[in-house]
Amino acid sequence: MCGRFALRTPTLQMLEIFNLVEMPALAPRYNIAPTQLVICIRSVAEDPKSREVVQMKWGLIPFWAKDIAIGNQMINARAETVAEKPAFRAAFAKRRCLIPADGFLEWQKLSTGKKQPWLMEMAEQQPFAMAGLWEYWTPKGDSTAKPVVSCSIITTSANEDMSVLHDRMPVILPIEAWATWLSPTANATQCTALLKSLENGQLTKTCVSTKVNRPFPDNAQCLQPVDPPEPLTKPMAEEG
DNA sequence: CCAGACGTTGTT
DNA sequence: GTCTGG
DNA sequence: CCAGACGTTGTT
DNA sequence: GTCTGG
């Protein structure tokens, strides 16, 4: 799954990789947590072939939600059901986005009960694009309020690289898939076909400081490599 | 008809 | 907004 | 995802 | 144990 990630890539490199005209200069992020603002890339409404960067609240608030806090539980959407679930289907049909990252975190449960974070990265810390959805929400009865724009990260079954840590992982879209995913006119079949787990052999795992366990602070020390306190072993299969 | 849910993960 | 359950 | 709170009344 | 907030 994906409940925490990092984006440290400099702005200039982001512009090139994601083919963006402009984006706000952003400080490197080492510890991006749910409910915070995250960077999303979406197609421009008036010109769907071009892309824009928008900051959105992580945790998709369905447009019909009565309470903004519902978004706190919508940080991920399952690829298997995203097209049908009431909370996500409208966004899946029309409001898809890329959520760039250059690392995401998964926690290993130690025999002591403590939680050991591992940082998953691509070769040379290259940034990648997670498949996302976005939505806008306005508190009911308050027409003066600005809509809240929020997003969710789609998950799928874990590949072999990930399976020692979890049975789910974020959908990472290869560059060839970006245009289709962002196209507001792509159909559901095309989009669903893109929601696969990443090919094995691309993700590295680095054991990092437990400083990243707390949603605050957000600094380089959070991702400082450390020696693994216990080896990573595949969890035993459930007994039958 | 109205009321109430609408989600994922992990753990048991 | 839309579906499910009562 | 993890961490931290989890409550009310009355008084300042 | 379970919910809320970041």
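We did not get these values from a lab; they are worked out from the coordinates using the rules stated. In this text the structure is predicted, and so the values were computed from the model without any measurement. A quick note on method: Cβ atoms are made from the backbone with ideal geometry, for glycine too, and the neighbour counts reach across all protein chains shown.
Sticking with the crude label model, points 7 Å out along Cα→Cβ, report the distance from A:Glu46 to A:Lys115 in nm, one decimal please.
Taking the two extended label points, one gets 4.4 nm.
May I ask you to sort A:Trp134, A:Trp64 by Cβ crowding, counting other Cβ atoms within 10 Å and putting the fewest first?
Values: A:Trp134 20, A:Trp64 12.
Placing the least packed residue first, the sequence is A:Trp64, A:Trp134.
Could you give the distance between the Cα centres of segment A:42-73 and segment A:79-118, to the whole Å?
Answer, in whole Å: 15.
Which entries in the list A:Lys66/A:Lys140; A:Lys57/A:Lys196; A:Lys66/A:Lys146; A:Lys115/A:Lys211; A:Lys49/A:Lys94 go over 18 Å, if you measure between the two C-alpha atoms of each? List each step's numbers first, then the result.
Values: A:Lys66/A:Lys140 7 Å; A:Lys57/A:Lys196 25 Å; A:Lys66/A:Lys146 15 Å; A:Lys115/A:Lys211 11 Å; A:Lys49/A:Lys94 15 Å.
Check vs 18 Å cut-off fails for A:Lys57/A:Lys196.
About the Cα centre of segment A:162-240, how large is the charge dipole given +1 on each Lys and Arg Cβ and -1 on each Asp and Glu Cβ? Please answer in debye to the nearest 20. Kindly include the intermediate steps, with their values, before the conclusion.
Numbers: 6 positive and 8 negative charges, 42 e Å.
Computed charge dipole of segment A:162-240: roughly 200 debye.
Which value, in debye to the nearest 20, describes the size of the charge dipole of chain A about its Cα centre when Lys and Arg Cβ atoms bear +1, Asp and Glu Cβ atoms bear -1, and nothing else is charged?
Details: 25 positive and 24 negative charges, 149 e Å.
Dipole magnitude for chain A comes out near 720 debye.
With each run of n ≥ 4 DSSP H residues scored as -39500 (n - 2.57), what mean residue ellipticity at 222 nm is computed for chain A after dividing by its residue count and rounding to the nearest 500 deg cm²/dmol?
Working: 4 runs with 27 residues, N = 240.
-3000 deg cm²/dmol, from helical runs alone.
Between A:Gln73 and A:Gln202, what is the label-point separation in nm under the 7 Å Cα-to-beta-carbon projection?
3.2 nm
Pull up all non-local amide H partners of A:Gln108: gap of 5 or more, or a different chain, and H-to-H distance under 5 Å with H placed in the peptide plane.
Residues meeting the amide H criterion: A:Gln116, A:Trp118.
With a 10 Å Cβ neighbour count serving as the proxy for reagent exposure, in which order, fewest first, do A:Ser157, A:Ser111 appear? Display every interim value, and only then the final one.
Values: A:Ser157 15, A:Ser111 7.
The most exposed by this proxy come first: A:Ser111, A:Ser157.
Mind listing P(r) for chain A? All alpha-carbon pairs, 10 Å bins, whole percents.
7, 31, 37, 19, 5, 0
Can you work out the Karplus-derived ³J(HN,Hα) for every residue in segment A:52-67? Use 6.51 cos²θ - 1.76 cosθ + 1.60 with θ = phi - 60°, whole Hz, and x for glycine or proline.
9, 9, 9, 8, 10, 6, 7, x, 5, 9, x, 4, 8, 4, 8, 10
Under 15 Å between alpha carbons, and skipping anything fewer than 8 positions from A:Lys85 in its own chain: which aspartates and glutamates qualify?
A:Glu135
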